[in-house]
Amino acid sequence: MKLLIKLAVLLLIAHALFRFVPPYWNHTQFERELKDSSIAWRDYSDAEVRELVVAMAQQHEVPVDREQVAVRRERDHLFIDLAYSRALALVPGSKYTWDYESKIDTWMLTPQGRRR
């Protein structure tokens, strides 16, 4: 009997990890690529940056809409804020809504040869 309970607990943990790790991994990879790519977005308008973020999110299977992305600038800083929710079934028969939030603060590169 003890063995069955341990096995059931082990299966529940494995199921939860199977449901949790892929969305978490996609979000982490998306956020990392967003930070790396946004350095070169100096010449893009806010609307173009928003479109790039949404396209990048689709590549990483992250459910982000244009309305969930806020873009603002201050001098050489580019700020990208986004928030979205994703329903996860960590335990069979129940749903958990996980709220993701990312705040990207990037120093944009100035083109070489251009001085202030």
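A short reminder: the numbers here are calculations on the coordinates, not readings from a lab. These numbers were taken from a predicted model, which means no experiment stands behind them. We place every Cβ from the backbone using ideal geometry, glycine too, and count neighbours over all the protein chains shown.
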Considering the chain as a Gaussian network with a 10 Å cut-off on Cα pairs, which listed residue, LYS35, LYS103, LYS95, attains the greatest mean-square fluctuation? LYS95
Among SER37, TYR100, VAL9, the residue whose Cα sits farthest towards the positive end of the charge dipole of region 2-107 (+1 at Cβ of Lys and Arg, -1 at Cβ of Asp and Glu, taken about the Cα centre) is VAL9
Highest GNM mean-square fluctuation, the chain, Cα pairs closer than 10 Å: which of PRO23, PRO92, PRO63? PRO92
Selected from THR106, THR97, THR28 as most flexible by GNM, with the chain as the system and alpha-carbon contacts under 10 Å: THR97
In whole percent, what relative contact order does the chain give with Cα contacts below 8 Å and a gap of six or more residues? 26
Using the Cα centre of the chain as the reference point, and only Cβ charges (+1 on K/R, -1 on D/E), how large is the resulting charge dipole? Debye, rounded to the nearest 20. 400
Net charge within 14 Å of ASP99 by Cβ-Cβ distance, Lys/Arg positive one each and Asp/Glu negative one each, not counting ASP99 itself? +1
Which of (i) 16.7, 52; (ii) 14.2, 44; (iii) 19.5, 75 is the computed Rg and Dmax of the Cα atoms in Å? It is (iii)
If one takes the longest principal axis of the Cα atoms in the chain, at what angle in degrees, from 0 to 90 and to the nearest 10, does the Cα axis of helix 2-37 lie? 10
In deg cm²/dmol and to the nearest 500, what is the mean residue ellipticity at 222 nm of the chain if only DSSP H runs of at least 4 residues count, each as -39500 (n - 2.57), divided by the residue total? -15500 deg cm²/dmol
Positive-pole candidate from LEU52, GLN68, PHE20, dipole of the chain, charges at beta carbon: PHE20
If each residue of separation counts as 0.36 nm, what is the full-extension length gain between LEU3 and ALA70 once their alpha-carbon separation is subtracted? 19.0 nm
List residues of region 76-102, by number, whose backbone nitrogen lies under 17 Å from a label position 7 Å along Cα→C-beta of VAL21. 89-91
